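Participant: Sharing a structure here in structure tokens format.
Throughout, read-outs are computed from the coordinates displayed, never taken from laboratory work. Computed from a predicted structure; not experimentally measured. Glycine also receives a Cβ, built like all others from the backbone with ideal geometry; neighbour counts cover every protein chain displayed.
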Amino acid sequence: MNEKGRKKILLSAGIIFVCLFCLAPFFWMFIISINERPDFLLQDGMSLTIGNFVEVIGIGNLHFLDYLKNSFVVASVTAISSAFIAALAAYAVSRISFPGRIILIISVLALSMFPQICLVGYLFKLMSGLGLINSYSALILPYISWSLPLALWLQTSYFSQIPTELDKAAQIDGANRLQTLLRVVLPIAVPGFLSTVMLLFMFSFNEFLFALMLTTNYTARTVPVGIAMFQGLHGELPWGYIMAASVISCIPVILIALAFQRRIIQGLTRGAIR
């Protein structure tokens, strides 16, 4: 076998290994969710059922649908708001030349690397003082602040690829900076904007620590915390419910990612190529 064939085999084996490594936890989660007992390997065998899914959705005391609604509202508002604010900043950074522009972007990105645990105590005191604990605002405002650096970095990379001649042509036609951004630049940058929105949506949807500390019940609690709070009789963990709820929570995110897959890849790759 020649060198090219060996490389192809090694590459294929590597891809298969990575796929299995990434998908195995999801497969196991699904297997547990459709079994009556989580310890079926120690029993006589598998006993398939969809009862866990029906009960997770149907039992009102679990409030799973409330958690799911809260997650979608918080994640959607956060992603769209943060992406739009970052678009304004990215347009300014990519179009206005000033000393230290690159250092500014790197500094903003570096600020987002501080561990959340370092800020959550102060954030709890702030939200308590404002009377926002257990509200959507208590999650949306920190999420926007926490996700802005990533959104700014992604969109700055993409906006930098759009020729400035388009801005000059729009300004000659009488458009101001904001009109140029909204009517000329942003429509061209839709792939980058959508990829940013999707990444921020997934970040907000899956965030746990802030949601745990800043919410107290199902009226504002999101899915990750809600699932972690599932508890059965006598304090045991209802693994069937937990896994069924996790599977249901993953499906919308996966479907959205698949629907916008081309846009996401296009936005990320174009923004990375100069």
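Participant: Of ARG37, ARG6, how do they rank once you tally other Cβ atoms within 10 Å and put the fewest first? Kindly include the intermediate steps, with their values, before the conclusion.
Facilitator: Details: ARG37 15, ARG6 10.
Going from least to most buried by this count: ARG6, ARG37.
Participant: Between MET229 and MET202, what is the label-point separation in nm under the 7 Å Cα-to-beta-carbon projection?
Facilitator: Calculated label separation equals 2.7 nm.
Participant: Please report the net charge: other residues with Cβ closer than 15 Å to the Cβ of PHE210, K and R +1, D and E -1. Don't skip to the answer; put the middle values down first.
Facilitator: On the way: positive: LYS125, ARG221; negative: GLU207.
Net of charged neighbours comes to +1.
Participant: What is the set of long-range amide H partners of ASN35 at a cut-off below 5 Å, with H atoms built 1.01 Å from backbone N?
Facilitator: THR49
Participant: Considering only C-alpha atoms, what is the centroid distance from region 212-231 to region 16-30, in Å?
Facilitator: For region 212-231 versus region 16-30, the Cα centre distance is 27 Å.
Participant: Under the 0.36 nm per residue contour assumption, what length would be gained going from the current alpha-carbon distance of GLU165 and ILE85 to full extension?
Facilitator: On the way: separation 80, 0.36 × 80 = 28.80 nm, distance 2.35 nm.
This chain segment gains 26.5 nm when fully extended.
Participant: Report the residue, chosen from GLU165, GLU207, GLU55, that carries the largest GNM mean-square fluctuation when the chain is represented by alpha-carbon nodes joined by springs under 10 Å.
Facilitator: GLU165
Participant: Right, something else. Taking mean projected area of the Cα convex hull in nm² straight from the coordinates, which label in (i) 15.6; (ii) 13.9; (iii) 21.9 is the correct one?
Facilitator: Only one option fits the structure, namely (iii).
Participant: Could you give the angle, 0 to 90 degrees to the nearest 10, between helix 101-111's Cα long axis and the longest principal axis of the Cα atoms of the chain?
Facilitator: Helix 101-111 sits at roughly 20 degrees to that axis.
Participant: Follow-up question, since we're still on this one. Using R₀ = 25 Å, calculate the FRET efficiency as 1/(1 + (r/R₀)^6) where r is the Cβ-Cβ separation of LEU182 and SER107; round to 0.05. Before the final figure, lay out the partial values.
Facilitator: Values: r = 28 Å, r/R0 = 1.10.
Once rounded, the FRET efficiency stands at 0.35.
Participant: Starting at the first residue of region 194-200, write each ³J(HN,Hα) from the Karplus equation 6.51 cos²θ - 1.76 cosθ + 1.60 with θ = phi - 60°, in whole Hz, x for Gly and Pro.
Facilitator: Going residue by residue, I get 5, 5, 5, 4, 5, 5, 5 Hz, with x marking Gly and Pro.
Participant: Moving on to the next point. Please give the helix 3-33 orientation as an angle from the longest Cα principal axis of the chain, in degrees from 0 to 90, rounded to the nearest 10.
Facilitator: 60 degrees
Participant: Given the -39500 (n - 2.57) contribution per DSSP H run of 4+ residues, what per-residue ellipticity at 222 nm results for the chain, rounded to the nearest 500 deg cm²/dmol?
Facilitator: Working: 13 runs with 191 residues, N = 274.
Mean residue ellipticity at 222 nm (helix-derived): -22500 deg cm²/dmol.
Participant: Between region 137-158 and region 55-115, what is the separation of their alpha carbon centroids in Å?
Facilitator: Computed from Cα coordinates, the inter-centre distance equals 4 Å.
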